[in-house]
Amino acid sequence: MSASTAPPFSLALEDSAAGRNGFTGAGGFAALNRATAHLEAPLAVLSLPALRRNAADLLRRAQGKPIRVASKSIRSRAVLRAVLELPGFHGILAYALPEALWLAEEFDDVVVAYPTADRTALAALAHSPTACERVTLMVDSVEQLDLLTPFAGPDAPLRLCLDLDASLRLAGGRAHLGMRRSPVHTPEDAAAVAAEIVRRPGFRLVGIMSYEGQIAGLGDDSGSALHRAQIRALHALSGRELAARRAAAVDAVRRELPAGSPLEFVNGGGTGSFETTGAEAAVTELAAGSGLYAPALFDGYRAFHPEPASFFALPVVRKPAPGFATVLGGGWVASGPSGPDRLPRPVWPTGVKLLGTEGAGEVQTPVHGPAADTLSLGDRVWFRHAKAGELCEHVDTLHVVDGDRLVASVPTYRGEGKAFLG
């Protein structure tokens, strides 16, 4: 990062041992309202103390391994700058090649976590020696190498990372637990693609990545006792299987590399699996992003308890009946399998809830409960988003607050005019 892009606020961890910021109570949300009283809702905020303590907790849980920041969970360059200023965080895990090219204008280590078929962006990459040095593409098949070959040149070879599927497959593959992500599942699969990469000019294999979503993204401390027991058993079984298979795959790939061309990194994990993934000797770095914002889906883990850091407020514009209030703004529904856990969660005033028959509306959202009668027109209802980065697709600005003080107002990707997935 250059001096001209210094972060607008600091996440220095000196005070990370301080108490929780208390946004679950009246005092915390009253402070949020005071800090943003001059701003019109809808608006989104980041709690600086919570963001700081979540960063410290990720570093503690990483067991000394560097953390690559998942940009899809952050979606604000200003926040990325602040996080990457902290010792222990290094590099970005981007989600689209056009995004990576934009980020690489500033940041020097950007891995694209998903394969690309964007020929316009590939041409831009091929014509930028700086981008070729800073951006790493994801591959998991020979077919993808065929697509990339016209853009690969010996003077500025394309940096490649091999995506190893981390899902758990049982009963000869008839049972599949986890994401259907990559066709590269076995050490033999990985070695075959690695050998083809090495054989072709214009490519350089620099890393391996695998994301164990069935562990990192699946909380084990919510629901019934039976559900918790099942998830914990899945985590234990999948963790053991993956650790052995990942180590064997890394060894198999290294044997295919030419002398003097070692792997630069082996990336694994996510916010929910730092303890197990970080303990693997084969893994050299971890990846996380959601743990910084701590959205609602990350409330249900036994090993860690991140502090809610991101909130959004919608203004009351109607009082249609006793016990009901209607706020302006709707949607804000998270991706994934449809269900109540993907809806935004009203958290203040305590006791207001979404209506089961309406949920999060298109442009207005009704809430109900005794506390709705305490709301007047123009008052705010505060929500938490179910996932992390998708919050930023709804707003141009994140307002960074510390208690009842507004520290900074920083643009999201959207606020900088960027929409990389549509």
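The values are calculated or read from the model by the stated rules, or taken from the named source; none is laboratory data. Owing to the predicted nature of the structure, the values given are computational and were not obtained by experimental measurement. Because the Cβ atoms are built from the backbone with ideal geometry, glycine has one as well, and the counts that use them run over all protein chains shown. Note: accessible area is taken over every heavy atom of the protein model, side chains too, but ligands, DNA and RNA are not part of it. Shrake-Rupley method; radii C 1.70, N 1.55, O 1.52, S 1.80 Å.
Per residue, the chain reaches -8000 deg cm²/dmol at 222 nm when only DSSP H runs of four or more residues are counted, each adding -39500 (n - 2.57).
Please determine, in degrees from 0 to 90 and to the nearest 10, the orientation of helix 187-199 with respect to the longest principal axis defined by the Cα atoms of the chain, where the helix direction is its Cα long axis. Between the helix axis and the principal axis of the chain, the angle is about 70 degrees. If you take the square roots of the eigenvalues of the alpha-carbon gyration tensor of the range 26-114 and sort them as a ≥ b ≥ c, do you get rounded (a/c under 1.5), prolate (a/b over b/c) or oblate? Oblate.
Charge tally for GLU241 (other residues, Cβ to Cβ under 11 Å; Lys, Arg +1; Asp, Glu -1): +3.
Projecting the Cα atoms of PRO306, LEU122, LEU86 onto the charge dipole of the chain (Cβ charges, centred on the Cα centre) puts PRO306 farthest toward the positive pole.
When the P(r) of the chain is calculated, the portion above 31 Å amounts to 42% of the C-alpha pairs. Within the listed set TRP332, TRP382, TRP102, the Gaussian network model of the chain (springs between alpha-carbon atoms below 10 Å) gives the highest mean-square fluctuation for TRP102.
Pull out a ≥ b ≥ c, the square roots of the eigenvalues of the alpha-carbon gyration tensor of the range 345-422, then state rounded if a/c is under 1.5, prolate if not and a/b is larger than b/c, and oblate in the remaining case.
Values: a/c = 2.56, a/b = 1.44, b/c = 1.77.
In terms of gyration-tensor shape, oblate.
The range 191-213 and the range 232-306 have their alpha-carbon centroids 18 Å apart.
Within the chain, the longest run free of trypsin sites (Lys or Arg not before Pro) that sit in a DSSP loop with at most 10 other Cβ atoms within 10 Å is 181-422. Think of a 1.4 Å ball rolled over the protein heavy atoms: the chain then has 42 Å² of accessible area per residue.
In whole percent, how big is the carbon plus sulfur part of the accessible area of the chain, probe 1.4 Å, protein atoms only? Walk me through the numbers before you get to the answer.
On the way: 9570 of 17530 Å².
On the chain, the fraction of accessible area on carbon and sulfur atoms equals 55 percent.
Shape class of the range 108-250 from the Cα gyration tensor (axes a ≥ b ≥ c, square roots of the eigenvalues): prolate, since a/c reaches 1.5 or more and a/b is larger than b/c.
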